[in-house]
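The values are calculated or read from the model by the stated rules, or taken from the named source; none is laboratory data. Since we're looking at a predicted model, the values are computed, not measured. Positions of Cβ are generated from backbone atoms using ideal geometry, with glycine treated the same way; all protein chains shown enter the neighbour counts. Side chains included, ligands, DNA and RNA excluded: accessible areas come from the protein's heavy atoms. Shrake-Rupley method; radii C 1.70, N 1.55, O 1.52, S 1.80 Å.
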Amino acid sequence: MPNDEACVREEAAGGVSRRTFLTAGIVVLGGAISALLGATGLSYFISPAFKKDEEDWVDIGRASDMKPGAPLKVDFVARKRDAWVVTEKRSSAWVSTDGKEFTVFDPRCTHLGCPYRWDQAREQFLCPCHAAVFDAKGQVVSGPPPRPLDRFAAKVVEGRLLIQPQAIKGAA
Amino acid sequence: MRAPTMTEVRDWVNERTGFETVWNALLERHIPEAKGPVAWAYTLGSASMFVFTLQAVTGALLAMNYVPSTDHAYDSVRFIGSSVLMGGFIRGLHHYGASFMVVLVVAHMLRIYLMGSYKYPREGTWMVGVLLFLVVIGFGFTGYLLPWDQKAYWATAVGTNIAGQTPVVGGMVAKILKGGADMGAPTLTRFYALHVLVLPGVIGVLLGVHLFLVVWHGISEPPTRMGGKGGSRG
Ligand code: HEM
Ligand code: FES
């Protein structure tokens, strides 16, 4: 509390004493600086809460190389980003097209994850592990799988086929 | 010219720093008379302080060879154990010290509770003590991840998932703890920064306040039965 003579006189005269003014200045400026620095630090600290975690799109070849008819097994290298660490994983996908739309299947059987193959004579996917059969659209024809083949998101950009190798569960 | 005596040196320093006043306040203060197990119970706070100091020293030594990165953390901890002179022993002290620290702090808390030492005017000391307990748990949680082995990884996965179960804010809290949607490189660096920078800073401030209050209020007497009978001296 301002209590010396000059203060008392100035305040009695209805003015703001030098001390009160300086105290208010320190509180206001100090508060502003702390709020600014605090908000900056806090947003840095909690930023992961607002970050979108998206699988990167992977370029798996020229779209015009994929012809209608038999689905094609494409091998590719998927890069997974973990902040500043990038890991590469060999991976593959089954691509089928009607000439316009592309359907990309996760290469793992939806039963227990075995790699299935395409049987050209029967025009069906066959799983060697427990004899599952899927049709060309990925629907279960027979066997133990609980759902149709999982799919990967796909899009064509400037003639290249891009996929997101993250299973979309049971999409029919 | 003759060499100054010990007394002269002490007086010279004391006149310029007043350390005797501080020394007397901290170490020559009156404490309750007690004997047997009750007297031993009074040592638990100091014992926690001792193990904490041990953790700080061994932790600083470990940090000289530890690398908080997903591709080196595990190997750097192996290296400390296999190739640094006394490395296994230093790590052992820090490892078992971490568990013992929790045991001692809980025992100290129990003695305060059972003797009613948290009562007026010592509520502030108790409240700061609760924060100290949480910080010690925080040390244990963040330190456990650092060796980056299977046990460390899955314990933290479970721990952050538990945080994620909190209604409304859980998802955000878990992401902030992990530094992203999944556990990975940023989780390790976050936990490391908390373990060796943030929590030591926080525990330093809290310990300062805790000990100041202990000295300010003095140590409480052991409780006695109504009518003056019983109690430790009864
Ligand atoms: C300033 C104080 C401290 C520093 C600088 C420090 C530093 C470190 C470092 C570098 C490691 C990694 C090496 C290793 O895992 O063996 C570690 C591990 C660990 N710290 Fe600390 N620490 C401190 C205090 C504490 C305290 C007070 C606790 C008490 C609960 C604690 C609990 C742990 C645990 C449980 C581990 C894992 C130990 C293991 O499994 O080997 N630390 N600490
Ligand atoms: S894994 Fe394909 S049928 Fe069992």
Q) With (1) open to solvent by less than 90 Å² (accessible area, probe 1.4 Å); (2) in a helix (DSSP H, G or I) as the list, and A:V28 as the residue in question, which single condition is left unmet? A) (1)
Q | Selected residue (criterion: nearest to ligand 2 (Cβ to nearest atom)) from residues of the range B:128-162 that are modelled with pLDDT under 95 and of a type in the set (A, V, I, L, M) | A | B:A157
Q.
Cβ-Cβ under 7 Å, sequence separation 6+ or interchain: first residue in the range B:73-91 and of a type in the set (D, E, K, R), partner at pLDDT 95 or above. Which pairs?
A. B:R91/B:L62; B:R91/B:I80; B:R91/B:G81
Q.
With the structure loaded, tell me whether A:D82 is free of Cβ contacts under 8 Å to residues at least 24 places away in the same chain, in the same structural domain as A:F125 (by TED's automatic domain parsing) and open to solvent by less than 60 Å² (accessible area, probe 1.4 Å) or whether it fails that test.
A. yes
Q.
Of the conditions (1) assigned to a strand (DSSP E or B); (2) away from every other protein chain (no Cβ under 14 Å), A:T87 satisfies every one except a single condition; which number is it?
A. (2)
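Out of B:T160, B:T166, B:T224, I need the residue that is within 14 Å of chain A (Cβ to nearest Cβ), outside any helix (DSSP H, G or I) and either more than 21 Å from A:A83 (Cβ to Cβ) or open to solvent by less than 50 Å² (accessible area, probe 1.4 Å) (or both). Which one? Explain how you work it out, then say what you get.
Values: B:T160 fails: outside any helix (DSSP H, G or I); B:T224 fails: within 14 Å of chain A (Cβ to nearest Cβ).
Just a single option satisfies the conditions, and that option is B:T166.
Select, from A:S64, A:S47, the only residue that is at pLDDT below 95 and under 30 Å from A:A136 (Cα atoms). Spell out the reasoning first.
On the way: A:S47 fails: under 30 Å from A:A136 (Cα atoms).
Residue meeting the stated conditions: A:S64.
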Q) Restricting attention to the range B:174-210, and to residues there that are open to solvent by 50 Å² or more (accessible area, probe 1.4 Å) and facing another protein chain (nearest Cβ under 8 Å), which single residue is modelled with the highest pLDDT? A) B:K175
Q. Taking the condition in contact (Cβ under 8 Å) with a residue 12 or more places away in the chain and outside any strand (DSSP E or B), does A:K67 pass?
A. yes
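Quick test for you: out of A:D82, A:D75, A:D98, pick the one residue that is at pLDDT 90 or above and among the acidic types (D, E).
Values: A:D82 fails: at pLDDT 90 or above; A:D98 fails: at pLDDT 90 or above.
After applying the criteria, what remains is A:D75.
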Q) Got at least one residue in the range A:60-69 being farther than 30 Å from A:Y116 by Cα and either open to solvent by 70 Å² or more (accessible area, probe 1.4 Å) or touching a strand residue (DSSP E or B) at 6+ places or on another chain (Cβ under 6 Å) (or both)? A) no
Q. Could you say whether any residue in the range B:47-54 is in contact (Cβ under 8 Å) with a residue 24 or more places away in the chain and out of contact with any helix residue (DSSP H, G or I) (no Cβ under 7 Å at 6 or more places or on another chain)?
A. yes
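Looking at A:A93, A:A49, can you tell me which residue is open to solvent by less than 80 Å² (accessible area, probe 1.4 Å), within 14 Å of another protein chain (Cβ to nearest Cβ) and outside any loop (DSSP other than H, G, I, E, B)?
Numbers: A:A93 fails: within 14 Å of another protein chain (Cβ to nearest Cβ).
Matching residue, one of A:A93, A:A49: A:A49.
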Q: Could you list, in sequence order, all residues of the range A:104-125 that are among the aliphatic types (A, V, I, L, M) and more than 9 Å from ligand 2 (Cβ to nearest atom)?
A: A:V104, A:A121
Q: For residues that are touching a helix residue (DSSP H, G or I) at 6+ places or on another chain (Cβ under 8 Å) and either in contact (Cβ under 8 Å) with a residue 24 or more places away in the chain or not aliphatic (A, V, I, L, M) (or both), scanning just the range B:152-170, find the one that is nearest to B:G184 (Cα to Cα).
A: B:Y153
